[in-house]
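A short worksheet on the structure shown next.
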Amino acid sequence: MRSGAATTLIGVDQVSDDKTSALRYQPLVFVVAAFAAGIVLDRYCGADQWFAGSHTTAISPGLLIWWLAAACLCAAWWFTSRRPWPTVASCLLLVAVAMSGAVWHDLCWFVFPQDDIGRFAPLDAEPACIMATVLHGPEHLPSPQPTPLRAIPGHERTRIEIEPSGIRDGKAWLPAAGRCELLVDGQLLGIHAGDKIQIFGQLERPPFPMNPGEYDFAGSARADRRLATLRTDSPSAVTVLQSPQLCVRRVLDAVRNAGILILNKNLPANRASLAAAMLLGVREALPSEETMPFFLTGTIHLLVVSGLNVGILAAALYGALRTGWLSRRAALAVLITAIVAYVLLTGARPPAVRAGLLILLTAVAAWSGRRAFSFNSLAAAALVVLAFNPCDLFLVGPQLGFLCVAAIICVGARWQERQRQHTDPLDQLIAASRPSYVRWPITIGRRNFELLVMSCVVWFAALPLVMYQFHIVAWVALVLSPLVWPLAWAVMLSGAGLLLCGWLIPSLVAPVAMLCDVSLAALERLVNWAATIRAGHFWTPGPAWWWVLGFYLGLAALLVWGRMQFPWRWQVALTCTWILVGVTPPVARACLRDDTLRCSFVAVGHGTCAVLQIPDGETILYDAGTSSSPEFGVQTIAGFLWDRGITRIDGIVLSHADTDHYNAIPGLLDRFHVGAVYVSTVMFDSYDPEQPPDGPAVLHQAIDTAGVPIHEVWSGDRLKVGREVVISVLHPPARGIIGTDNANSVTLGVEYCGKKMLLPGDLESPGLDDLMAEEPYDCDVLMAPHHGSRRSDPPGFAAWCTPEWVVFSGDSHVPADVERTYARAGARVFTTGKVGAVEVSLGDAPIQVLTWLTSPMPPRESPNDP
């Protein structure tokens, strides 16, 4: 027996009763914790830069340091393990494991081949011809539903993951390696896993986040070791050069496609897509309009082949095999084989791999007679996942998956302990002697109650992470879980039966398909109904990352040592104290007065959104839209506001009726409380409730549904905000201007502490001439009219308002001569498409301008320039 210190080091779960205290050893928990700590250490303490470090095969300084430290620690452990120093040896071994995690992460995150396709990918797309091998079969992305809020109509696309082998440089082929995502406009047919193809397309790097709070697509792609994206606008640009005779991936793709065909043939179109997502992991066929209700109700996990889906099938299969057909070990062997086949059939996606791995470890533990479901098994699964890809540690999917399973293990262990302590053997004999019609309802009621308790615990355990990552609290999930679980079981079992019958017993397809359709319809209706409950969810900025990390570290410490060191009332007090610590900063920020007026120009591509943060705490938005999809605009602007701790929008000023200036408003109305919307007198001239809705009509209906008042403004009006801030409407006049919507753009002049800012929207002639006929408006900061268009008379307008700072709200393709015009007028120029979000601070101090990116992104790069 080792010393008490060593015992405490490797023990994680202590179960006590009135007589004895037995310690269950969970050594892999501390091993995976050390391995994860090394990964985090390398990610945030490494000296390698983002792209400079990711394009070298040379040994980086960080990699060398971690490797030497791991070697030295292993040597020290070997020496101390032969001495009577078990605690020291254990600590040294754990630190060596941490250094090994740092080495592995450095290799996966920073070290890429010299000929990786990412070396040839510029920031701005350039033509390229690439030869590659298809890694996975095509994923067909349906075109989004047409809506007047979409400036550019969406279209169907096909996504493929490829492994490049060469890139053409003139007439010569250069070797290439790595992984790349191929996006094809239209439906690409005749492509299968293993095919060698040639593509003519546009090569570029994945987009970096351009705003605070924006999702990092480049980081997500890099975690999968993809540093480039290839786009082509026609399926004819993809040519198959060679198809392999035998390929495991090709066979799996064929079986999966046959399963999708069975679902499409026997189920209605919309429910066939839902079934394909739940059974085969083909979630791409579901449009965002159908997935949003699942997100709002906290049931989005149903659409991913993860722990719930795989667990239902595994439990049903094992229960069927144990009805007398096979012995326990034979049933476990069949279960292991079936789970491996199912994970491969679903494309071996990360959620399915994690779930299948955990079930396999549980089955192996049961085979060997060990505890089948424990933290040790969970830690073993985590080690395997991190061994495949250490970057999964930073992804929300694996985090939520392992967190929920850990909560289930913890609750299950405590529940079993309570049952052992409070169950009388005599009561068990009496209960067993009762008739089955009495026992079954009691058993079902008890199981449902246990399920409800477990669902609540899992929901509360995941809540901080969900709030941090997705900014939503779905209260309705607590009530919905007992109703969703039976329907999920019915869908998974009937869907699996439909696939098996379609492959093996076609005569039974019709009744099984009817059962599957009824189950899917009930599930869909239940989720859609729950999503319409206004109080069922609410949006929130979410806690800070350090608070979430501290919460889970503290929770882990309480689970390990809390029952030995602290009584339950102290544990509750510590939890409440930490919650107050997380709530205090945003409350203090809202209560404390800031003497600075901040205007942030959010980078939304070709579009406009200026966020005015008034010193008195009010928030005004000037436009909120993009030429891209409305969903992108909503996520980008909402993420920026939540990052700033903003939960209320006191007013939204809409410049004019162009889609790229307002199509994010309906989504923002769902996520924020809005005080009022200000428009020109001609904004809704074409609005007619009796006619088919166009863009302004859809906007008007959304504002009316949210119950937000609409106020018309014209030149000479002032918006009542703050005590010292003056926001004046300079244009258009009350009757508007005869001309386009652009000519009637609401133009705002903002004054504070003797400094002026001008927001002209898409102003152009004749409205521009009308404004410039007034007294010159000598401003300090100007948002360039019409995203820097030449039609807005840049020389004349620059001479009229003489700005010192000019911000172009648009993509990186602003005409160079327009930028030079404002620069020659003495202004410093910023483009949101190049430097990201631009924040201008007005106050007693000199004007400060901060950009989200520390240096402008060049519009072009040579393919040979890393």
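The values are calculated or read from the model by the stated rules, or taken from the named source; none is laboratory data. Here the structure is a predicted model, which is why all the values come from computation and not from measurement. Ideal geometry is used to build each Cβ from the backbone, glycine not excepted, and the neighbour counts take in all protein chains shown. Protein only, heavy atoms only, side chains kept; ligands, DNA and RNA dropped before computing areas. Shrake-Rupley method; radii C 1.70, N 1.55, O 1.52, S 1.80 Å.
Can you give me the number of residues within the stretch 611-628 that are touching a helix residue (DSSP H, G or I) at 6+ places or on another chain (Cβ under 9 Å) and open to solvent by 10 Å² or more (accessible area, probe 1.4 Å)? Number satisfying all stated conditions: 3.
Restricted to the stretch 641-667, and to residues that are within 20 Å of the chain's Cα centre (by Cα) and crowded, with 23+ Cβ neighbours inside 10 Å, which residue is nearest to Asp741 (Cα to Cα)? Per the stated criteria, the residue is Ala664. So the check is Cβ under 6 Å with 6+ separation or different chains; which pairs have a first residue in the stretch 511-531 that's in contact (Cβ under 8 Å) with a residue 40 or more places away in the chain and farther than 19 Å from Leu499 by Cβ and a second one that's open to solvent by less than 30 Å² (accessible area, probe 1.4 Å) and part of a helix (DSSP H, G or I)? Sorted first by the residue in the stretch 511-531, then by its partner, the pairs are Val527/Pro293; Val527/Phe294; Asn528/Pro293; Ala530/Val476; Ala530/Leu480; Ala530/Gly536; Ala531/Pro293; Ala531/Leu296.
This table checks each residue for (1) in a helix (DSSP H, G or I); (2) crowded, with 19+ Cβ neighbours inside 10 Å; (3) in contact with a strand residue (DSSP E or B) (Cβ under 6 Å, 6 or more places away or on another chain).
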residue: Lys265; (1), (2), (3): yes, no, no
residue: Ala275; (1), (2), (3): yes, yes, no
residue: Met292; (1), (2), (3): yes, no, no
residue: Val305; (1), (2), (3): no, yes, no
residue: Leu308; (1), (2), (3): yes, yes, no
residue: Trp325; (1), (2), (3): no, no, no
residue: Ala330; (1), (2), (3): yes, no, no
residue: Ala338; (1), (2), (3): yes, no, no
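Consider Pro138 carefully, then state whether it is free of Cβ contacts under 8 Å to residues at least 60 places away in the same chain, surrounded by 17 or more Cβ atoms within 10 Å (Cβ to Cβ) and closer than 27 Å to Ala348 by Cα. Yes; evaluated as a whole, the condition is true for this residue.
If you go through the stretch 537-577 and keep only what is under 21 Å from the mean Cα position of the chain (by Cα), assigned to a helix (DSSP H, G or I) and of a type outside the set (Phe, Trp, Tyr), you end up with Val548, Leu549. Residues that are in contact with a Pro (Cβ under 7 Å, 6 or more places away or on another chain), assigned to a strand (DSSP E or B) and at pLDDT 90 or above are absent from the stretch 209-225 altogether. Residue pairs whose Cβ atoms lie under 6 Å apart, sitting 6 or more positions apart in sequence or on different chains, and linking a residue in the stretch 400-426 that is on the phi < 0 side of the Ramachandran plot to a partner that is β-branched (Val, Ile, Thr) and at pLDDT below 70, are Glu417/Val15. Assess whether Gly695 counts as being open to solvent by less than 30 Å² (accessible area, probe 1.4 Å) and in contact with a helix residue (DSSP H, G or I) (Cβ under 9 Å, 6 or more places away or on another chain). Here the answer is yes, as Gly695 does meet what is asked. Hey, does the stretch 193-215 have a residue that's out of contact with any His (no Cβ under 9 Å at 6 or more places or on another chain), surrounded by 16 or more Cβ atoms within 10 Å (Cβ to Cβ) and of a type in the set (Ser, Thr, Tyr)? No: zero hits.
Pairs meeting the criteria (first residue in the stretch 314-325 and touching a residue at least 60 places away in the same chain (Cβ under 8 Å), second residue open to solvent by less than 70 Å² (accessible area, probe 1.4 Å), beta carbons under 9 Å, at least 6 apart or on different chains) are Ala316/Met492; Ala316/Ala496. Please report, ordered by residue number, the helices (runs of 4 or more DSSP H) entirely within the stretch 27-116 with at least 1 residues that are at pLDDT 90 or above and closer than 26 Å to Tyr552 by Cβ. Fully inside the stretch 27-116 and qualifying: 27-45, 86-109.
Taking residues in the stretch 444-464 that are of a type in the set (Val, Ile, Thr), and partners anywhere that are modelled with pLDDT of 85 or more, the pairs with Cβ atoms closer than 6 Å and at least 6 places apart or on different chains are Val457/Ala407; Val458/Cys404; Val458/Ala407. Annotation note: of Val807, Val849, the sole residue that is buried (at least 23 other Cβ atoms within 10 Å of the Cβ) and touching a residue at least 12 places away in the same chain (Cβ under 8 Å) is Val807. Taken over the stretch 363-397, residues that are open to solvent by 30 Å² or more (accessible area, probe 1.4 Å) and under 25 Å from Arg328 (Cβ atoms) amount to 11.
There is no residue in the stretch 238-258 that is of a type outside the set (Phe, Trp, Tyr), open to solvent by less than 20 Å² (accessible area, probe 1.4 Å) and either part of a loop (DSSP other than H, G, I, E, B) or over 23 Å from Arg179 (Cα atoms) (or both).
Per the conditions (1) modelled with pLDDT of 85 or more; (2) open to solvent by 40 Å² or more (accessible area, probe 1.4 Å); (3) out of contact with any Phe, Trp or Tyr (no Cβ under 9 Å at 6 or more places or on another chain), the sole criterion not satisfied by Arg434 is (1). Considering only residues in the stretch 487-504 that are at pLDDT 90 or above and open to solvent by 30 Å² or more (accessible area, probe 1.4 Å), the one that is nearest to Cys404 (Cα to Cα) turns out to be Trp489. If a residue has to be open to solvent by less than 20 Å² (accessible area, probe 1.4 Å) and over 26 Å from Ala474 (Cβ atoms) to count, how many in the stretch 505-530 make the cut? Matching residues across the stretch 505-530 total 3.
The set of residues from the stretch 714-749 being touching a strand residue (DSSP E or B) at 6+ places or on another chain (Cβ under 7 Å) and outside any loop (DSSP other than H, G, I, E, B) comprises Arg718, Leu719, Val726, Ile727, Ser728, Val729, Leu730, His731, Thr747, Leu748, Gly749. If you check Lys171, Lys196 for being out of contact with any helix residue (DSSP H, G or I) (no Cβ under 8 Å at 6 or more places or on another chain) and over 28 Å from Arg250 (Cβ atoms), only one passes: Lys171.
Conditions (1) among the aliphatic types (A, V, I, L, M); (2) modelled with pLDDT under 95; (3) not in a strand (DSSP E or B), marked per residue:
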| position | (1), (2), (3) |
| --- | --- |
| Ala610 | yes, no, no |
| Ile620 | yes, no, no |
| Phe632 | no, yes, yes |
| Ile637 | yes, no, yes |
| Ile646 | yes, yes, yes |
| His656 | no, yes, yes |
| Asp660 | no, yes, yes |
| Asp670 | no, yes, yes |
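A count restricted to the stretch 288-335 and to residues that are more than 32 Å from the chain's Cα centre (by Cα) and either of a type outside the set (A, V, I, L, M, F, W, C) or over 16 Å from Ala363 (Cα atoms) (or both) stands at 9.
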